[in-house]
1. Yes or no: the stretch 62-73 includes at least one residue that is modelled with pLDDT of 90 or more, of a type in the set (A, V, I, L, M) and closer than 25 Å to VAL113 by Cα.
2. Just checking, which of ALA122, ALA110 is modelled with pLDDT of 95 or more, over 9 Å from the mean Cα position of the chain (by Cα) and surrounded by 14 or more Cβ atoms within 10 Å (Cβ to Cβ)?
3. Which of (1) under 30 Å from MET23 (Cβ atoms); (2) open to solvent by 60 Å² or more (accessible area, probe 1.4 Å); (3) over 11 Å from the mean Cα position of the chain (by Cα) does ILE81 not meet, given it meets every other one?
4. Out of all the residues in the stretch 27-36, is one or more assigned to a helix (DSSP H, G or I), open to solvent by less than 60 Å² (accessible area, probe 1.4 Å) and at negative phi?
5. Considering only the stretch 93-101, I want to know if a residue exists there that is modelled with pLDDT under 95, aromatic (Phe, Trp, Tyr) and either surrounded by 10 or more Cβ atoms within 10 Å (Cβ to Cβ) or in a helix (DSSP H, G or I) (or both).
6. Within the stretch 42-53, is there a residue that is over 12 Å from the mean Cα position of the chain (by Cα) and loosely packed, with under 12 Cβ neighbours inside 10 Å?
Amino acid sequence: MDMPLGQDMPMSNCTNMMMKMQMSFYWGKDAIVLFSGWPKHSVGMYIFAIIFVFFLALVSEVLSNQPLIKRGTSPLMGGLIQAIVYLFRISFTYLVMLAVMSFNVGIFIAAVVGHSLGFFIAKTRALAIANSDDKRSSSIRNNV
């Protein structure tokens, strides 16, 4: 199609939609997080989006650092449980990643704090379990 210089080419119907997408970090409630039109310029929905991303990140981190299989579990059942937990963990992680791609600073901070707190909870729990196992094994050795 020959077009004179300086004229724009006609756009197809698919590209006629005007999408405003932020491409650098910004602060404010006017964000699109995960779904088109959400949080819809509402402060309450923006706060809900921040809390939602925080809990997604927290749960994702807790699920990735928890030993879920007990000794004596059948390999088939153990594999099935791990696959289901992995499905949820990776889904939550991808949702957090997509939310952070909104480039909103509040969403970014919620994701980082959620991951950090989730890691802290998981490692604290793992340390408590390790310490209790250590006390049990040392008391067994002392009694023998």
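1. Scanning the stretch 62-73 turns up at least one residue that is modelled with pLDDT of 90 or more, of a type in the set (A, V, I, L, M) and closer than 25 Å to VAL113 by Cα.
2. ALA110
3. For ILE81, the exception is condition (1).
4. Keep residues of the stretch 27-36 that are assigned to a helix (DSSP H, G or I), which gives none.
So far as the stretch 27-36 goes, no, none of its residues is assigned to a helix (DSSP H, G or I), open to solvent by less than 60 Å² (accessible area, probe 1.4 Å) and at negative phi.
5. No, because not a single residue in the stretch 93-101 is modelled with pLDDT under 95, aromatic (Phe, Trp, Tyr) and either surrounded by 10 or more Cβ atoms within 10 Å (Cβ to Cβ) or in a helix (DSSP H, G or I) (or both).
6. yes
The values are calculated or read from the model by the stated rules, or taken from the named source; none is laboratory data. It should be emphasised that the depicted structure is a prediction, and the values quoted were computed from it without experimental measurement. A quick note on method: Cβ atoms are made from the backbone with ideal geometry, for glycine too, and the neighbour counts reach across all protein chains shown. What goes into the accessible areas is simple: the full protein's heavy atoms, side chains included, and nothing from ligands, DNA or RNA. Shrake-Rupley method; radii C 1.70, N 1.55, O 1.52, S 1.80 Å.
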